[in-house]
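Asks: First the structure, which I've put down as structure tokens, then a few questions once you've had a look.
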Amino acid sequence: MHVDPITLADLEVLAARDGGPGILHLVDATRTRVGHKALRRRLTQPLSSVHEIREVQTALPRLTGPHPISLVNDELIHRAERYIRSNVLVSRAGRARARIDELAMRVRYRSVLAELRAGQAALRDLTAFGRTLASRLLENGPPPLLRRFGERLTRATGDVDQALGSGPLLHADRIVREDLRDELLEIIEILGELDALRSMALAGEARGWIAPELVESPEFLLEVEGAYHPFLDGATPNPITLNGGEPLVFLTGPNMAGKTTYLKTAALVVFLAQTGMSVPASTARLAPIEVLLTSLNPADNLRDGISYFYAEILRVREAAEILAQGRTAMVLFDEVFKGTNVKDALEASAQVIRGFARTRRSGSIFSSHLSELFDTLRTDPAVQFCQFDGEVVGGVPVFDYQLTGGVSEKRFGLLLLEQARVPELIAKISG
């Protein structure tokens, strides 16, 4: 699934907007640097194929549980990598000559010889661990993904073990560091992938997330109950429903009622599901998509002469191009066209929403304060109208953060301005 840098930033996948930890940090229980790297790659490159996502889904439970598969520690990988990438020259001598050269090195280059011995000892430890891990992965009819990892580990560790036992240290050094370099790096890569997958499994188990049901469908499908944002303690769960018959939600509500959080939650459910992970919801059923695109925090670009409003237009065009190509996508816009006047915003929003609602292969959610759009869009059967409402209690806005049907006409902007004492301060400004 294509997820561009703007969407990754909107969803705070790698880091929060304030520079704090993001989703990556939330789910990261890796033990190795290569595992962290593999996890980061999986979170920035989600899958689109139902088959590939299911392979990950079925693999995750086997990596945890009462008898989890042990994983290598970072120190052993570091020792092996340091040897593989050593700048000690690889010997070109044959087996007999290598034995003579080794005797000479005992006299003149003891430290170099010690480095090579330590490196090969690290490889022996690494391949011994890899063989044991491969045996565990291949036990009891493993899921396809783990079976492939086990078979690859068995083959690669066997090749390296054979080379390490092939003769003098310098002769083995040439074979393992030159001829089998790719196999050694493959072993380390697989260990990193397993570390990442185990971390993904633990994250879902620790938080009580559920495995979504995947559906192969030519039409867009997203049916979720009890969805909530994982960054919020005590978050109010809400449903998310989009399908080919009603592929667009027009979402209204006053400031601070929960619209933006809902958009992020909907996107994260799809995003995490297509990494193969569990999702923060009570139930979830979806057809995987090819593209996830959000526009929650557009920004102008003074250097390129792009105003805030034009940045919004460019993002809308990007989404329209994806839909026009017939690609399956989920598109989320928060307060679209707020960078222009109300009249233009109404006309532009209506045109875009009507157009995006025509596709059955993609789904969209548009949040807006422009409740006036209801009169224009209410006859469109492809548009659902949902709202987050609120009320004023004792002069203070109160929200239940519960999604309901309909259109909200509540506006708390002036009230919030008063709570911030802005009118009071303005009154004190002297001419």
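Asks: Determine the calculated [θ] at 222 nm for the chain from helices alone, applying -39500 (n - 2.57) to every DSSP H run no shorter than 4 residues and normalising by the residue count; nearest 500 deg cm²/dmol. Mind showing how you got there, number by number?
Replies: Numbers: 16 runs with 205 residues, N = 431.
That comes out to -15000 deg cm²/dmol.
Asks: Leaving out same-chain residues fewer than 8 places away, which lysines sit with a Cα under 20 Å from that of K338?
Replies: K338 reaches K259, K264, K410.
Asks: When N is the residue count of region 230-297, what does its C-alpha Rg come to as a fraction of 2.2 N^0.38 Å? Could the numbers behind the result be given before it?
Replies: Values: Rg = 12.6 Å, N = 68, 2.2 N^0.38 = 10.9 Å.
Compared with the compact-globule rule of thumb, region 230-297 sits at 1.15.
Asks: Let me ask you something else. On a 0 to 90° scale, report how tilted helix 33-44 is relative to the longest principal axis of the chain, with both axes built from alpha carbons and the result rounded to the nearest 10.
Replies: Between the helix axis and the principal axis of the chain, the angle is about 30 degrees.
Asks: If you don't mind, there's one more thing I want to ask. So how tilted is helix 144-164 from the main axis of the chain? Cα-based, degrees 0 to 90, rounded to 10.
Replies: So the inclination is approximately 30 degrees.
Asks: Could you compute how fast region 107-226 diffuses translationally, taking Rh as the Kirkwood radius over C-alpha pairs and applying Stokes-Einstein at 20 °C with viscosity 1.002 mPa s? Give it in µm² per second. Working shown, then result.
Replies: On the way: Rh = 17.3 Å.
Estimated diffusion coefficient is 124 µm²/s.
Asks: Now a separate question. Using alpha-carbon pairs under 8 Å, 6+ residues apart, how would you state the relative contact order of region 262-395 in percent? Provide the component values of the computation, followed by the final result.
Replies: Values: 133 pairs, mean separation 27.8, N = 134.
The value is 21 percent.
Asks: Another question about this same structure. Using only the alpha-carbon atoms of region 17-59 as identical scatterers, what base-10 log of I(q)/I(0) does the Debye formula give at q = 0.19, 0.34 Å⁻¹?
Replies: -0.71, -1.12
Asks: Please list, in order along region 256-261, the HN-Hα scalar couplings obtained from phi with the Karplus expression 6.51 cos²θ - 1.76 cosθ + 1.60 (θ = phi - 60°), rounded to whole Hz, x for Gly and Pro.
Replies: The phi angles translate into 6, 7, x, 5, 5, 4 Hz.
Asks: Taking the Cα centroid of region 125-145 and of region 207-252, what is the distance between the two, rounded to the nearest whole Å?
Replies: 36
Asks: Give the Rg (one decimal place) followed by the Dmax (whole number) of region 304-431, computed from C-alpha coordinates and expressed in Å.
Replies: For region 304-431, the Cα radius of gyration and maximum Cα-Cα distance read 18.1, 59 Å.
Asks: Treating only the Cβ of Lys, Arg, Asp and Glu as charged (+1, +1, -1, -1), what charge dipole size does region 137-267 show about its Cα centre? Round to the nearest 20 debye.
Replies: Numbers: 11 positive and 21 negative charges, 74 e Å.
It comes to approximately 360 debye.
Asks: What size of dipole, in debye to the nearest 20, comes out for the chain about its Cα centre when the only charges are +1 on Lys and Arg C-beta atoms and -1 on Asp and Glu C-beta atoms?
Replies: Numbers: 50 positive and 54 negative charges, 418 e Å.
Here the chain has a charge dipole of around 2000 debye.
Asks: Share of antiparallel DSSP beta bridges in the chain, in percent to the nearest 5? Don't jump to the answer; show the numbers that get you there.
Replies: Details: 19 of 43 bridges.
Counting only bridges with both partners in the chain, antiparallel ones make up about 45 percent.
Asks: If you average 1/r over every pair of different alpha-carbon atoms in the chain and take one over that average, what Kirkwood value in Å do you get? Please list the in-between numbers first.
Replies: Numbers: mean 1/r = 0.0399 Å⁻¹.
Its Kirkwood hydrodynamic radius stands at 25.1 Å.
Asks: How large is ³J(HN,Hα), in whole Hz, for each residue of region 405-418 in order, when computed from phi with the Karplus curve 6.51 cos²θ - 1.76 cosθ + 1.60 and θ = phi - 60°, using x for Gly and Pro?
Replies: x, x, 10, 8, 10, 6, 9, 10, x, 5, 5, 5, 4, 5
Asks: Once Lys and Arg get +1 and Asp and Glu get -1 on their Cβ, which of S364, L133, L272 lies farthest toward the positive end of the dipole of the chain?
Replies: It is L133, whose Cα lies furthest towards the positive end.
Asks: Something else: Using the Cα centre of region 213-427 as origin and beta-carbon charges of +1 (Lys, Arg) and -1 (Asp, Glu), tell me which of Y228, L214, Q387 is placed farthest towards the positive end of the dipole.
Replies: Of the candidates, L214 comes out farthest on the positive side.
Values quoted throughout were computed directly from the atomic coordinates according to the rules given, and no laboratory measurement underlies them. Note that the structure is a prediction, hence the values are computed from the model and not measured. Counting neighbours? That spans all protein chains shown, and the Cβs are built from the backbone with ideal geometry, glycine included.
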